[in-house]
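A.B. asks: So that we are looking at the same thing, I have put the structure below in structure tokens.
The values are calculated or read from the model by the stated rules, or taken from the named source; none is laboratory data. Keep in mind that what you see is a predicted model, and the values were worked out from it rather than measured. Neighbour counts run over all protein chains shown; Cβ positions are idealised from the backbone, glycine included.
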Amino acid sequence: MTTPTTTSLAPESRRATGRTRFGAALLILGTVQFLVMHLVVQSAWEQPRYSWWTNYISDLGAVHCAPILGNDVCSPLHAGMNAAFIAQGILLALGTILVSTAWAQTGRKLAWQVMVVLSGLSWIIVGLIPEDVSITGHSIGALPIFIVGNIALIVAGRSGSTRNRPVVRRSAFALGITGLLGFALTAIAIADPTGPVGIGIAERITVFPLQVWAIVAGISLFRRP
């Protein structure tokens, strides 16, 4: 029986390293471009001013100026925000697929990665169906981001597949718990719009954990593919 030499393995190793680094860069880019566009689009609001406390994230992508879900909405740069939603979804899904070989080959590796990809597809739907075009389609499309994405983080935080990256593993579990608590706060805010919790901040506590984790994971994978 012959043993593969280091030379014969090197090209495949280099390709795997390059693929992982490219995927990691996509994970980071997805969140960065989303947050930058979020700030740019919200800054274009004049009457009314955009509020992280009371406005939904999706208000930024609404194509009409009109009252929506209890908020006065007018987003001049809505096309840019919807493009950022779609880009977030594509980069999150593609990045997750490209870095799949960097995780340990044990545990529920496939399960949580599939859930992250589904969350990416949900972002694409959110961008393609703005809330004021079809609130039903938009809401159904967004639901996996709120629930599936955070469950994916909890599973990743307990899966043996992430044991080779302790920081990524611990942050996944903590962020997943945070996201599900945010979902509970979102439900409370929807049920009582005048209550102590603003719907905008509750939604962000739900949605941002997966995006933050994408940056944490992306940096770890890029530095040590």
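A.B. asks: What do you reckon, is SER171 surrounded by 15 or more Cβ atoms within 10 Å (Cβ to Cβ) and at pLDDT below 95?
C.D. replies: No: the conditions fail for SER171.
A.B. asks: Provide a single number: the residues in the stretch 27-49 that are more than 26 Å from LEU121 (Cα to Cα) and either of a type in the set (Asp, Glu) or free of Cβ contacts under 8 Å to residues at least 12 places away in the same chain (or both). Even if it seems obvious, please write down each step before you answer.
C.D. replies: Here is the first cut: in the stretch 27-49, the ones more than 26 Å from LEU121 (Cα to Cα) are 43-49.
Next, from what is left, pick out any that are either of a type in the set (Asp, Glu) or free of Cβ contacts under 8 Å to residues at least 12 places away in the same chain (or both): 43, 46, 49.
Going through the stretch 27-49 one residue at a time, the tally reaches 3.
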